[in-house]
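What follows is a set of notes on a single structure, which appears directly below.
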Amino acid sequence: MLLAKQALMEPIDIHQLRRHGPDDWRDELRLEIFERANALGIGAQGLGGLTTVVDVKIRDYPTHAASLPVGLIPNCAATRHVELTLDGSGPAVLAPPRLEDWPSVAWEAGPDARRVDLDRVTREQIANWSPGDRLLLSGRLLTGRDAAHKRIQDLLGRGEPLPVDFSGRFIYYVGPVDPVRDEVLGPAGPTTATRMDRFTEMMLARTGLIGMIGKAERGPVGIEAIRQHGAVYLVAVGGAAYLVSQAIKQARVIAFEDLGMEAIYELEVQDMPVTVAVDSRGESIHQRGPQAWRNRIAGIPITVE
């Protein structure tokens, strides 16, 4: 695992390797994994695309012939690195990047984005949504992650009332960071929704919840519960926690305050961008998207430049 961590910190250079070709078996294996992984069509956020991995690193070390251990560490696609050398001369001074060195990016809704009022949305409305639809959410939104779901499960198991009415509501899988200065809330990026699959049937069947928001794909158990109850699952953009927080205009804790960041909040959001990932019929964009891209990629020859 130490070797894997060291490899993780190496600079991205797969495209140079593709240009000059492999020098040894490590280079050959890097290129093979790179090409095969991208041929899966998984793409960014798992929604389909040509680029699933941006680089592959391999380090090796002698070991007993019977062991054959493997360590694997995935890296965020943003691959944010900073390097320094500790030489005892004093504290490290890291100059922040200059904003003027980066292109100016202005956010605006696309022409096909659909605005949704969370305070009035109905099951009949969400039944018309399809995987890939882009939505802008406004209104009141609940939050909850693992700890909150476990406490809800315990309360229902004991036959006790819930402190929150989930009927007709959407829940956002997030543990928001405390606000700083004039922020309403700190970074509030989505957490991986697969972890909540074991609670999905309970939430949809017993609380009246109709929608969930998170990141990444849902497993078969979660998708089946969504299909049976005519609910929907939406994805927010992972890795853009600060940008997502800009859509949050008000925030207050309404239950389980002792859980800290895993307490249940009620957020007031305006034009929060999301994409329909699983519709009320159980159709998943994380299955349809990569499959469509695999079909497109199949016609592209895999060659080493």
Tell me the residue from 217, 224 that is of a type outside the set (A, V, I, L, M, F, W, C) and either buried (at least 16 other Cβ atoms within 10 Å of the Cβ) or assigned to a loop (DSSP other than H, G, I, E, B) (or both), please. 217
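List the helices (runs of 4 or more DSSP H) inside the stretch 1-99, counting only whole elements, that have at least 1 residues being within 30 Å of residue 234 (Cα to Cα) and of a type in the set (Lys, Arg).
25-38
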When you check residue 171 against the structure, is it surrounded by 14 or more Cβ atoms within 10 Å (Cβ to Cβ) and part of a strand (DSSP E or B), yes or no? yes
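Report yes if some residue within the stretch 197-208 is touching a residue at least 60 places away in the same chain (Cβ under 8 Å) and either more than 18 Å from residue 153 (Cβ to Cβ) or out of contact with any strand residue (DSSP E or B) (no Cβ under 8 Å at 6 or more places or on another chain) (or both); otherwise report no.
Residues of the stretch 197-208 touching a residue at least 60 places away in the same chain (Cβ under 8 Å): none.
Among the residues of the stretch 197-208, not one is touching a residue at least 60 places away in the same chain (Cβ under 8 Å) and either more than 18 Å from residue 153 (Cβ to Cβ) or out of contact with any strand residue (DSSP E or B) (no Cβ under 8 Å at 6 or more places or on another chain) (or both), which makes the answer no.
Name the single residue that is surrounded by the most Cβ atoms within 10 Å (Cβ to Cβ) among those in the stretch 100-129 being part of a strand (DSSP E or B) and free of Cβ contacts under 8 Å to residues at least 40 places away in the same chain. Even if it seems obvious, please write down each step before you answer.
Initial filter on the stretch 100-129 (part of a strand (DSSP E or B)): 114-117.
Narrowing further to those that are free of Cβ contacts under 8 Å to residues at least 40 places away in the same chain: 114, 116-117.
Details: 114: 14, 116: 23, 117: 11.
Within the stretch 100-129, the match that is surrounded by the most Cβ atoms within 10 Å (Cβ to Cβ) is 116.
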Is it the case that residue 186 is small (Gly, Ala, Ser) and modelled with pLDDT of 90 or more? no
Would you confirm whether or not the stretch 24-38 contains a residue that is on the phi > 0 side of the Ramachandran plot, loosely packed, with under 11 Cβ neighbours inside 10 Å and not acidic (Asp, Glu)? no
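I'd like to verify a number: residues in the stretch 249-266 that are in contact with a Gly (Cβ under 6 Å, 6 or more places away or on another chain) and at pLDDT 95 or above, how many? Steps first, answer last, please.
Pass one, the stretch 249-266, residues in contact with a Gly (Cβ under 6 Å, 6 or more places away or on another chain): 261-262, 264.
Among the residues that remain, those that are also at pLDDT 95 or above are: 264.
Of the residues in the stretch 249-266, 1 are in contact with a Gly (Cβ under 6 Å, 6 or more places away or on another chain) and at pLDDT 95 or above.
Give the residue, chosen from 139, 90, 132, 159, that is exposed (fewer than 10 other Cβ atoms within 10 Å of the Cβ), on the phi > 0 side of the Ramachandran plot, in the same structural domain as residue 210 (by TED's automatic domain parsing) and of a type outside the set (D, E, K, R).
159
Scan 186, 208, 159 and give me the residue that is closer than 28 Å to residue 44 by Cα and in a loop (DSSP other than H, G, I, E, B). Give the steps one after another, and end with the answer.
Values: 208 fails: closer than 28 Å to residue 44 by Cα; 159 fails: closer than 28 Å to residue 44 by Cα.
Answer to the selection: 186.
Looking at the stretch 74-120, which of its residues are among the charged types (D, E, K, R) and closer than 26 Å to residue 12 by Cβ?
Here is the first cut: in the stretch 74-120, the ones among the charged types (D, E, K, R) are 80, 83, 87, 98, 100-101, 108, 112, 114-115, 117, 119-120.
If the condition is that a residue be among the charged types (D, E, K, R) and closer than 26 Å to residue 12 by Cβ, then 80, 83, 98, 100, 101 are the ones that fit.
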Which residue is farthest from residue 216 (Cα to Cα), if the candidates are limited to the stretch 265-305 and must be of a type in the set (Lys, Arg) and in a helix (DSSP H, G or I)? 296
Does residue 175 meet the test of being of a type in the set (Gly, Ala, Ser) and within 25 Å of the chain's Cα centre (by Cα)? yes
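Inside the stretch 252-279, can you point out the residues that are of a type in the set (A, V, I, L, M) and more than 29 Å from residue 47 (Cβ to Cβ)? Give the derivation first.
First, the residues of the stretch 252-279 that are of a type in the set (A, V, I, L, M): 253-255, 259, 261, 263-264, 267, 269, 272, 274, 276-278.
Residues satisfying the conditions are 253, 254, 255, 259, 263.
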How many residues are more than 20 Å from the chain's Cα centre (by Cα) and assigned to a strand (DSSP E or B) when one looks only at the stretch 227-264? 7
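The values are calculated or read from the model by the stated rules, or taken from the named source; none is laboratory data. Fair warning: this is a prediction, and the values are worked out from it, not measured in the lab. Here Cβ is always computed from backbone atoms with ideal geometry, including for glycine, and neighbour counts include all displayed protein chains.
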